[in-house]
Each structure stands twice: as structure tokens, then as C-alpha cells.
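Trainee: Input: one structure, supplied below.
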Amino acid sequence: QVQLVESGGGSVQPGGSLRLSCAASGSRFAITAMGWHRQAPGKQRELVAFITDSGSTRYADSVKGRFTISRDNAKNTVLLQMNSLKPDDTAVYYCKAWVGGNVYWGQGTQVTVSS
């Protein structure tokens with residue numbers, strides 16, 4: 001059973017930065033890709049960014065140029081550097097991993113952007 005542990009959420013003023021971290025453990029198979037989704041109150045969960053084991057990345061249009069995803073394959077860790085944060089970025093951020101045809105989710109970490 002793959003476990004994902006997230007950290008780094010919190011509160012920040014508009015224009016500020018936060019860095020989210022997610023560490024995966026318990027996988028017997030290679031992790032194909034890791035990424036982040038988010039869910040704001042009253043809205044559907046949406047993709048923020050993901051990165052494959054080869055380093056290919058994809059971002060939601062709303063975060064391009066502001067967020068950067070990176071990965072340490074040796075440590076099975078994915079980072080999300082979030083800069084120039086906006087109130088619309090307020091949401092619970094969930095780590096996600098694709099492993100051997102299955103998908104695993106973290107418990108979520110709250111990010112609040114407010115003045």
C-alpha cells in the first residue's frame with residue numbers, strides 16, 4: 001500500500017510563496033508520475049501540476065509561470081513551489097501518485113491566501 005505524506009501548507013498573503021512537499025512510501029513498483037490537485041470549497045478537484053519519472057511536466061493554465069513542480073526520484077518526493085500566490089489559489093492541495101496502474105492520494109494540506 002502506497003502512502004503519501006504532504007507538508008508545507010499554511011496561510012500567506014497575496015503575492016507570497018509556499019512550498020509543498022509530498023513523500024511516497026510503501027511502493028513495490030516504480031512510481032510513474034507524481035503530482036498535485038486542489039479543491040476549493042464548492043468546486044471540483046482540479047489538476048494543478050504533475051511530473052513523470054522522466055521529468056516531463058504539465059501545469060494547469062491558471063498556475064503556469066507561478067508554480068514549479070520538481071521531483072526527487074531517489075527519495076520518491078515531489079515538491080510544488082508556489083510563487084505569486086493569489087486568493088484564488090486557496091484550496092486543499094492533494095498529492096497524487098500513479099503506481100503500477102493504480103492511483104494513490106495524500107490526505108491533503110490547506111493553502112490559504114488572504115490579506
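Trainee: I'd like to check one number: the per residue accessible area of the chain, probe 1.4 Å, reported in Å² as a whole number. Could you put the intermediate results ahead of the total?
Mentor: Working: 6200 Å² over 115 residues.
That works out to 54 Å² per residue.
Trainee: In straight Cα distance, which lysines are under 30 Å from Lys43, not counting same-chain residues fewer than 8 positions off?
Mentor: Cross-link targets: Lys64, Lys86, Lys96.
Trainee: Pop out the carbon and sulfur fraction of the accessible area of segment 56-115 as a percent, whole number, probe 1.4 Å.
Mentor: In segment 56-115, the share of accessible area belonging to carbon and sulfur is 44 percent.
Trainee: What percent do you get for the relative contact order of the chain when only Cα pairs under 8 Å and 6+ apart count? Let's see the in-between values first.
Mentor: On the way: 282 pairs, mean separation 42.3, N = 115.
For the chain, the relative contact order is 37 percent.
Trainee: Please report the antiparallel percentage of the DSSP beta bridges confined to the chain, to the nearest 5. Don't jump to the answer; show the numbers that get you there.
Mentor: On the way: 41 of 44 bridges.
Bridges in the chain that DSSP calls antiparallel: roughly 95 percent.
The values are calculated or read from the model by the stated rules, or taken from the named source; none is laboratory data. It should be emphasised that the depicted structure is a prediction, and the values quoted were computed from it without experimental measurement. When the accessible area is computed, the model is the full protein with side chains, heavy atoms only, and any ligands, DNA or RNA have been set aside. Shrake-Rupley method; radii C 1.70, N 1.55, O 1.52, S 1.80 Å.
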